[in-house]
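Comments concern the structure below.
The values are calculated or read from the model by the stated rules, or taken from the named source; none is laboratory data. Keep in mind it's a predicted model, so treat the numbers as computed, not measured. In this analysis, Cβ positions are derived from the backbone assuming ideal geometry, glycine residues included, and neighbour counts consider all displayed protein chains.
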Amino acid sequence: METPIEPNSRLAAFGNQLIEVHLWLREELAGLREDVDSHLDGRGGRPRELRAHCLAFCSALSRHHTGEDGGAFPALAERFPELRPTLQELERDHHIVAGILQRLEELLGGLGAQADPAEARRVRAELDGLAALLESHFVYEEKQLVEALNALSVPSWDGSRPDFLLTGAGADRDVPAAGRRRPLPPGRG
């Protein structure tokens, strides 16, 4: 349930909300890696559930990055032109991440009902690479953009959360509930 927002106000500064979304995505990725480990160990993680969790995570991460590329980054570039090189670098990262997500989806599509250790290890290797890239990306993005996002005023974002801040509970229309590890804090979707 969305927390009502008074006209011409917002719940928190956009940069602070970005950090919360990144924390949520980190936790989701950690949970997905645990699911793959469980599958490898034969402790659970049926392939269909693992695929659903991965697709939910991939959808949430893609929505976040698409929202940044199409909304947050252009707004920041207009207001803070000195950030344009940083924004271009972050967009390049988004393209690399999209490629990893595509490979993950393909690999998970090949997981059968029986645990195939080689396939599951390939999935785990992609997830490990994704985790390393995202950690670096998130830390860099937060250091470079949080202050600018907190200072940003975009009238069209007042009263509703922009797409780059919609993941997890705020994106349930697009992300199956089975794919969520934990809900966002109150007021975050």
For the subset of the range 65-121 comprising residues that are acidic (Asp, Glu) and closer than 17 Å to Leu133 by Cβ, which member is modelled with the lowest pLDDT? Glu105
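Grab the helices (runs of 4 or more DSSP H) fully contained in the range 34-143, keeping just those with 2 or more residues being small (Gly, Ala, Ser) and closer than 19 Å to Trp24 by Cα.
On the way: elements: 47-67, 73-79, 84-109.
Per the criteria, 47-67.
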